[in-house]
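S.K.: Handing you a structure now.
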Amino acid sequence: MNVSAHAVTAAMPSPPLSSPQSSFLSLTESLPGSVRESAPGLLPRALPAALHEHVWRAGQMGLARANVTPTGHAALDRELPNHGWPHGGLIELLLQQSGIGELRLLQAALHALGDQRIALLQPPHTPHIAAWRAWGLSPHRLLWIRTKRQADALWSAEQVLRNGSCGALLLWQQTLRHESLRRLQLAAQASDTLCWLLRPLSASDIASPAPLRIALRPLAGGVQLDVLKRRGPPCALPIHVFWTGRDSRAAALKHSANEASDALLDRRHPDPITLTSAAAALV
């Protein structure tokens, strides 16, 4: 029986179009079982080291290319990229209320800065100089800045970050527009200065460009931290930091939740002080 070439061609199914994904699947299917099980992890490890630094997988902790300063608290360091406070980015501390131990949480990092200046911008209370001395932090390192307008405070924050004369900047704000947050993040990203933005806990529901956001709540003898945002997988459990280093039961027996306070800020309401006289009195 004579069969035309056209008929034979029509009867034969055409091969499916190949794609990178199907080629990868066919390659892994041809491997032995033990090798095939580990094949999904072979591709990222095969990337050049220079390229791997720029590739981040959501299931892994991100690596910060900037410098980091250890927090001084092992439980917190374990949950942060590169195990410390990252330089070159905005760090948001969202407080249930001021004076719950937020400055004590930063004490070790401020010590690690050596003789570099520490800028306090718009703190809610007057810095308590005696407490700073008791913690071994010289008042000569402090730069206390108060402004009448929020725009002036944001401008001052950008100047501190761009100037590079301070090792750390602590900025207190109640509400901020997204544009202002974005400008702060860009300024912090271009600087090696540690930059903490302290805001109310209610701001946790508002989107922010800050790569690290941590909620703080008072705890008997310490503070509870909830990592809301980081370069890495979600942090499912809260972190309990105790100032005395003891377990929660021992801390609860000696301290009550109402006693958790931050001695570095004087809660008395001072008379209005101009920026010039305040800086002269503290530096």
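The values are calculated or read from the model by the stated rules, or taken from the named source; none is laboratory data. Since this is a predicted model, take the numbers as computed values, not measurements. Glycine also receives a Cβ, built like all others from the backbone with ideal geometry; neighbour counts cover every protein chain displayed. We work out accessible area using only protein heavy atoms, side chains counted, and drop any ligands, DNA or RNA first. Shrake-Rupley method; radii C 1.70, N 1.55, O 1.52, S 1.80 Å.
S.K.: Mind pulling the per residue volume of the convex hull built on the Cα atoms of the range 132-235? Å³ is fine.
M.R.: 142 Å³
S.K.: Heavy-atom accessible area per residue, the range 98-152, 1.4 Å probe: how many Å²?
M.R.: Solvent-accessible surface per residue comes out at 44 Å².
S.K.: With every protein chain left in place and a probe of 1.4 Å, what is the accessible surface of ARG183, to the nearest 10 Å²?
M.R.: 130 Å²
S.K.: Please list, ordered by chain and number, the residues whose modelled amide H lies under 5 Å from the amide H of LEU198; skip anything fewer than 5 residues away on the same chain.
M.R.: Placed amide hydrogens put LEU93, LEU171, TRP172, GLN173 under 5 Å from LEU198.
S.K.: How big is the convex hull of the Cα atoms of the range 60-135, per residue, in Å³? Don't jump to the answer; show the numbers that get you there.
M.R.: Working: hull volume 9.4 nm³, N = 76.
With only Cα atoms used, the range 60-135 gives 123 Å³ per residue.
S.K.: While we're looking at this one, here's another question. Starting from the Cα-Cα distance between GLN116 and ASP77, subtract it from 0.36 nm times their residue separation and give me the gain in nm to one decimal. Before the final figure, lay out the partial values.
M.R.: Values: separation 39, 0.36 × 39 = 14.04 nm, distance 2.24 nm.
Computed gain between GLN116 and ASP77 is 11.8 nm.
S.K.: Tell me the carbon and sulfur percent of the accessible area for the range 114-197, rounded to whole percent, probe radius 1.4 Å.
M.R.: Working: 1970 of 4090 Å².
The C+S portion of the solvent-accessible surface of the range 114-197 is 48 percent.
S.K.: If I ignore ligands, DNA and RNA and count only protein heavy atoms, how much of GLU179 is accessible to a 1.4 Å probe, in Å² to the nearest 10?
M.R.: 110 Å²
S.K.: Under 5 Å between amide hydrogens, which residues at least 5 positions from LEU212 or on another chain qualify, with H placed 1.01 Å from N in the peptide plane?
M.R.: Correct list: GLU92.
S.K.: Using alpha carbon centroids, what distance separates the range 101-167 and the range 65-80, in Å?
M.R.: Centre-to-centre (Cα) distance: 20 Å.
S.K.: Along Cα→Cβ, 7 Å out, is where each label goes; now give me the distance between the ones at SER204 and TRP135 in nm to one decimal.
M.R.: Here the answer is 2.3 nm between the modelled labels.
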